[in-house]
1. Restricting attention to the stretch A:72-87, report how many residues are among the polar types (S, T, N, Q), within 20 Å of residue A:44 (Cβ to Cβ) and surrounded by fewer than 24 Cβ atoms within 10 Å (Cβ to Cβ).
2. If you take the residues in the stretch B:135-151 that are under 16 Å from the mean Cα position of the chain (by Cα) and not polar (S, T, N, Q), which one is least open to solvent (accessible area, probe 1.4 Å)?
3. What pairs come up if the first residue lies in the stretch A:122-136 and is of a type in the set (D, E, K, R), the second is open to solvent by less than 10 Å² (accessible area, probe 1.4 Å), and their beta carbons are under 6 Å apart, counting only those six or more places apart or on different chains?
4. Return only the number of the condition from (1) within 14 Å of the chain's Cα centre (by Cα); (2) within 11 Å of chain A (Cβ to nearest Cβ) that residue B:132 does not satisfy.
5. When you check residue B:60 against the structure, is it farther than 19 Å from residue A:167 by Cβ, within 14 Å of chain A (Cβ to nearest Cβ) and either in contact with a helix residue (DSSP H, G or I) (Cβ under 7 Å, 6 or more places away or on another chain) or modelled with pLDDT of 95 or more (or both), yes or no?
6. Out of everything in the stretch B:216-238 that is in contact (Cβ under 8 Å) with a residue 24 or more places away in the chain and under 21 Å from residue B:19 (Cα atoms), what residue ends up being surrounded by the most Cβ atoms within 10 Å (Cβ to Cβ)?
7. Any idea which residue in the stretch B:239-254 is surrounded by the most Cβ atoms within 10 Å (Cβ to Cβ), counting only those that are out of contact with any helix residue (DSSP H, G or I) (no Cβ under 6 Å at 6 or more places or on another chain) and closer than 21 Å to residue B:182 by Cβ?
8. Return the pair list, or none, for Cβ contacts closer than 7 Å from residues in the stretch A:157-174 that are touching a residue at least 60 places away in the same chain (Cβ under 8 Å) to residues that are crowded, with 23+ Cβ neighbours inside 10 Å and not aliphatic (A, V, I, L, M), at least 6 apart or on different chains.
2 protein chains.
Amino acid sequence: MLPYKAYCLDLDGTVYKGKTPIKEAIEFVHYLQGKGIDPFFVTNNSSMTQKQFQQKLAQMDVHTSEDHIISSSIAAANYIDEHYQGKSVFMIGESGLQEALDMKRIDRTEEMADVVVMGIDHHINYEKLSNACLSVRAGATFLSTNSDHAFPSERGFLPGNGAFTKLVEHSTGVEALYMGKPQPFMLELIQKKYGFHKDEMVMIGDNYKTDILTGIRMGIDTVHVNSGVNRTEDVLQQLEKPTYLLQSLSEWIK
Amino acid sequence: MLPYKAYCLDLDGTVYKGKTPIKEAIEFVHYLQGKGIDPFFVTNNSSMTQKQFQQKLAQMDVHTSEDHIISSSIAAANYIDEHYQGKSVFMIGESGLQEALDMKRIDRTEEMADVVVMGIDHHINYEKLSNACLSVRAGATFLSTNSDHAFPSERGFLPGNGAFTKLVEHSTGVEALYMGKPQPFMLELIQKKYGFHKDEMVMIGDNYKTDILTGIRMGIDTVHVNSGVNRTEDVLQQLEKPTYLLQSLSEWIK
């Protein structure tokens, strides 16, 4: 069954788990591509560039074009380009966010800025956080790629961009606008660029609070897969349920 | 009028404002000392050592012994010494906290620890925050010197230790135990060491939410002075009022 035109797949927990591909998802992508449908990949991870995601996926035998990979950094750069053209931007982030801003020719400053945008930054320091706080207190628009408070690593759960954003929110009393899931900005970007109707789109993911809620907020169909953070039985307890609950995407290869 | 034995003065906003001494407070300290009473100085600032505070006060013509200066770092070190002797401690902080731990011969580790203690650290980085999060998630006792979310500087309000502690709290879902005001640990330390009765102690400060609430929670008399963050008229709106509301401490030099 292939009732949709735009299959939007989450990455971590849905297509792969860290460095390990999820076989059923890879097969599903191949199946779609065999039918002439190129899926989209929608991730809150702001740290990597589209090229880096493309290479990571290629190593798992998933071959896709860069512009079918939408990260929260891409959403942030598009949002700034659309709403704050010509404004000065102070960025905390890594190559994913940096390149996304560069692609939109958004000028960055290390001084007080009109717009502050935060993504995960493993080289975070007191000066960067101070400049964010000072700018936000002075009235800067405050954007953040994603609200994930932690993410898994070999060592355990490490602090995510949501935790660093919370620091600035707590210090300044100003709340950030988040670009990643469960906000629908990334899906809106896909919809606008390719002119899809909402009933032609589906959001597929393992995480109820990010993936499924994004689809619900966007008003499109949703698919929960039982390969990541939330188990099927837990998702069934939610008031707003996904359109489909699958053990894996192999159920859709028929 | 000198009805008390232990006059506990907040520092910033009460004795000085940044680098500027508050004349009436300095005169009050001289007045007390002229009557043979050595006041205590009680500060949430964890960054400086007792020696550094002593030198700063001496430059303002306030001369006191180091052990009459109680910082949130001193409270933290005493708390760890009392409750977690022999446990491994991971510290985020500066010389004030470092020296306070050293004075109690508390061993520090850079690895996973039984106790995490956070104070302001201008050399904060991702690795330090990760180790704090990993240790706290693994069950470490989580202490923080103070909950101040911001503090004034020449550039404006910079993020305080409370904001960094919030990051770890938000990422791990575990709340820290704060050592500074409005918790009464610093006042309890003074009470225990010198054997004061509660009716012999008074807490004097400009900040309702830290200084005055500390005194109220401790069950001792409190004095609000109109020289810092909260105006007298605002303090009068509070349900629990301080024992005395003064424009300045010169009202008590009679």
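1. Here the count works out to 1.
2. Here the answer is B:143.
3. Final answer for the pair search is A:128/A:92.
4. Result: residue B:132 fails condition (1) only.
5. Spelling it out, it is not the case that residue B:60 is farther than 19 Å from residue A:167 by Cβ, within 14 Å of chain A (Cβ to nearest Cβ) and either in contact with a helix residue (DSSP H, G or I) (Cβ under 7 Å, 6 or more places away or on another chain) or modelled with pLDDT of 95 or more (or both).
6. My answer is B:225.
7. Going through the qualifying residues, I end up with B:246.
8. Final answer for the pair search is A:161/A:46; A:161/A:119; A:161/A:144; A:161/A:145; A:161/A:146; A:161/A:148.
The values are calculated or read from the model by the stated rules, or taken from the named source; none is laboratory data. Keep in mind it's a predicted model, so treat the numbers as computed, not measured. Backbone-built Cβ (ideal geometry, glycine too); neighbour counts: all protein chains shown. Areas reflect the complete protein model, heavy atoms only, side chains present, ligands, DNA and RNA absent. Shrake-Rupley method; radii C 1.70, N 1.55, O 1.52, S 1.80 Å.
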